[in-house]
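The values are calculated or read from the model by the stated rules, or taken from the named source; none is laboratory data. Because the structure is predicted, anything quoted here is derived from the model rather than measured. Glycine gets a Cβ as well: all are built from the backbone with ideal geometry, and neighbour counts include every protein chain shown.
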Amino acid sequence: MSFFFFLGSERTSESTKSYIFSGTCTIPEAVIIGSIIHKFSIPEKFSSAALVCLAEMEFLGTRSYFMKAILEKKYALAHLAIDAVAAHFLRFCKETKVMPVIWHQTLLAFVQRYKHELRKEDKKSLTSLLEKQNHELITPEIVRELVSSRNRGEMVDNSHSASTINNKPIKEDWFDMPQVPMEED
């Protein structure tokens, strides 16, 4: 990275933070900043802190886009951040307006990455939320992810997977080989 590019990005970092959190960011600008978030590595602590801040703010499509970009990085987030994002979505239980597709996509990204870190009561609440806020293509996928996952703190059940593994050696008959047709020159 060139020195001048680094100096410029360092100087704009403070204004970028306030720009993202202020709500004045347009969708094309959010896509550009989101692609930067996708491309570069961000420390997990900062990602957790940013998710908590974004989750506590009121809903905007651009903020939801930033949340989705951070969630798709698949970081090992703190339980505080996971609980804050779950609470963010659960605030929409009483919402009467239909939520946009980016909201559903962000919820899907959250559930796909952190389904094993959700508490049982959060999963039940999210399932009841999806009955009110429904998207015909995304909601069934979210429900499938919630139902097929274990809860936070539960151990992995290996009894089912061990019974499906076949450890018997394969017997091959080296002398019973099928004829292979050869091409003539």
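Scanning the stretch 118-156 for residues that are under 16 Å from the mean Cα position of the chain (by Cα) and aliphatic (A, V, I, L, M) gives Leu118, Leu126, Ile138, Ile142, Val143, Leu146.
In summary, Glu58 fulfils each of the numbered conditions (1) among the acidic types (Asp, Glu); (2) part of a loop (DSSP other than H, G, I, E, B); (3) at pLDDT below 80 with the single exception of condition (3).
Scanning the stretch 71-86 for residues that are surrounded by fewer than 17 Cβ atoms within 10 Å (Cβ to Cβ) and modelled with pLDDT of 90 or more yields a single hit, Leu80.
The residue list Leu129, Leu137, Leu146 contains one member that is touching a residue at least 40 places away in the same chain (Cβ under 8 Å), of a type outside the set (S, T, N, Q) and over 13 Å from Leu71 (Cβ atoms), which is Leu129. Ser41 satisfies every condition listed in (1) assigned to a loop (DSSP other than H, G, I, E, B); (2) modelled with pLDDT of 85 or more except (2).
Name the residues in the stretch 97-110 that are within 17 Å of Leu71 (Cβ to Cβ) and part of a loop (DSSP other than H, G, I, E, B), would you? Passing the criteria: Met99, Pro100.
Being part of a helix (DSSP H, G or I), modelled with pLDDT of 90 or more and of a type in the set (Lys, Arg) is the requirement here; does Arg113 meet it? Yes.
Being in a helix (DSSP H, G or I) and of a type in the set (A, V, I, L, M) is a property that Leu77 lacks.
For beta carbons closer than 8 Å, sequence separation of 6+ or different chains, a first residue in the stretch 31-57 that is surrounded by 14 or more Cβ atoms within 10 Å (Cβ to Cβ) and a second that is charged (D, E, K, R) and not in a helix (DSSP H, G or I), the qualifying pairs are Ile37/Lys73; Ile42/Lys73; Ser47/Lys73. Checking each residue in the stretch 87-97 for being modelled with pLDDT under 90 and charged (D, E, K, R) picks out Lys94, Glu95, Lys97.
Out of all the residues in the stretch 111-137, which are of a type in the set (A, V, I, L, M, F, W, C) and closer than 23 Å to Ala81 by Cα? Within the stretch 111-137, Val111, Leu118, Leu126, Leu129, Leu130 qualify. Within the option set Leu126, Leu137, being of a type in the set (A, V, I, L, M), part of a helix (DSSP H, G or I) and modelled with pLDDT of 65 or more holds for one residue only, Leu126. Can you name the residue in the stretch 95-123 that is of a type outside the set (Val, Ile, Thr) and surrounded by fewer than 15 Cβ atoms within 10 Å (Cβ to Cβ) and is also nearest to Lys73 (Cα to Cα) among such residues? This residue is His116.
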